[in-house]
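The values are calculated or read from the model by the stated rules, or taken from the named source; none is laboratory data. Because the structure is predicted, anything quoted here is derived from the model rather than measured. We place every Cβ from the backbone using ideal geometry, glycine too, and count neighbours over all the protein chains shown. For accessibility, only protein heavy atoms count, side chains too; no ligands or nucleic acids. Shrake-Rupley method; radii C 1.70, N 1.55, O 1.52, S 1.80 Å.
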Amino acid sequence: MSRSRDLILARVRRAVAGVPDVEIPRAYRGPSGTPGEIRLFEERLRDYRAVVHVVDEAGVPERVARSLAERGARRVAVPGGFPAAWTAAVRAERVADEPPPTAADLDALDGVLTTCAVAVAETGTIVLDAGPGQGRRALSLVPDYHLCVVRAGQIVAGVPDAVARLDPLRPLTWISGPSATSDIELNRVEGVHGPRTLEVLIVA
C-alpha cells in the first residue's frame with residue numbers, strides 16, 4: 001500500500017511540476033458586527049430554540065441578573081476573566097473555575113456564565129476557545145444552562161471569517177443552539193451532550 005501511495009504522489013508531483021502558484025481569492029470574507037449580521041445571528045439562534053436578548057453595554061449587568069433570577073439559578077459557574085461589572089447585580093452564588101471543579105461539581109450547578117471568542121451570523125454558532133471569561137470546555141458542556149454574552153464586534157459573517165480569527169491550537173468548542181440530537185425516527189432529544197438551555201445576550 002505504501003508503494004502504491006508513493007507512485008500516485010509521484011505522478012501528481014510530475015503533473016503539477018512547473019505550474020505557477022495560484023493566488024486564492026479571499027473576497028468571501030465578510031464584515032463583522034454590522035446591524036445585518038447581528039439580526040441574522042439573532043434569527044439563527046432563535047431557529048435553534050435559544051433564548052436571545054439584545055442589550056447595550058450599560059444594560060448587561062441588569063439583564064444578566066434578571067436572566068439568572070428568571071432561571072431560578074442559585075449557584076452559577078463564572079470563569080476567570082469574565083467582566084466583574086457584568087455580574088455586579090447577580091444575587092446567585094458565583095463559583096470560580098479554579099481549582100477545576102469535578103464533573104459532579106459542575107452537574108450540581110444551576111448554570112454557567114461565559115463570554116465567547118467569536119460568533120458566526122450565517123450559522124448562529126458561538127465559538128469558545130478557553131480564553132478569558134470562557135473557562136474550560138467542561139464548563140459549557142456539563143451544566144444544563146448556559147448564559148453567554150456576545151459582543152457585536154465578535155459576530156462575523158461566515159465560518160471562514162471565524163476560522164481566520166481563531167487559533168487552531170486552542171481547544172475550540174462550537175455551539176449551535178442548545179444540545180440536541182435525534183434518532184432515526186427524528187425524535188428530538190435535548191440535553192444529551194451539553195446544556196438543554198442556551199441563552200445569549202448580544203451586546204450591540
The stretch 172-186 and the stretch 128-149 have their Cα centres apart by a whole-number Å value of 17
What is the spin-label model distance, in nm, from Ala108 to Arg14 if the labels are put 7 Å beyond Cα along the C-beta direction? 6.9
If one takes the longest principal axis of the Cα atoms in the chain, at what angle in degrees, from 0 to 90 and to the nearest 10, does the Cα axis of helix 60-71 lie? 80
Per-residue ellipticity at 222 nm for the chain, helices alone: DSSP H runs ≥ 4 residues times -39500 (n - 2.57), over residue total, nearest 500 deg cm²/dmol? -7500 deg cm²/dmol
State the extension gain, in nm to one decimal, for the chain segment bounded by Glu43 and Ala85, taking 0.36 nm per residue of separation less the distance between their alpha-carbons. 12.3 nm
Between Ala130 and Val22, how high is the FRET efficiency from 1/(1 + (r/R0)^6) when r is the Cβ-Cβ distance and R₀ = 30 Å? Nearest 0.05. 0.25
How would you order 195-202, 7-14 from highest to lowest mean count of nearby Cβ atoms within 10 Å? 195-202, 7-14
For the chain, the longest principal axis of the Cα atoms and the Cα long axis of helix 2-16 enclose an angle in degrees, to the nearest 10, of 80
Among the trypsin sites (Lys or Arg not before Pro) in the stretch 83-143, which ones are in a DSSP loop with at most 11 other Cβ atoms within 10 Å of the Cβ? Mind listing them? Arg91
Could you check which residue among Val112, Val51, Val19 shows the biggest mean-square fluctuation in a GNM of the chain with a 10 Å Cα cutoff? Val19
Please give the contour-minus-distance gain from Ser182 to Arg74: 0.36 nm per residue of separation, less the Cα-Cα distance, rounded to one decimal in nm. 35.8 nm
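Quantify, in whole percent, the carbon and sulfur part of the accessible surface of the stretch 37-99 (1.4 Å probe; protein heavy atoms only). Don't jump to the answer; show the numbers that get you there.
On the way: 1750 of 3620 Å².
About 48 percent, which is the carbon plus sulfur part of the accessible surface.
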Working from Cα positions, state the angle (0 to 90°, nearest 10) between the long axis of helix 35-47 and the longest principal axis of the chain. 80
Do any GluC sites (Glu not before Pro) in the stretch 2-83 lie in a loop, going by DSSP, with at most 16 other beta-carbon atoms within 10 Å of their beta carbon, and if so which? Glu23
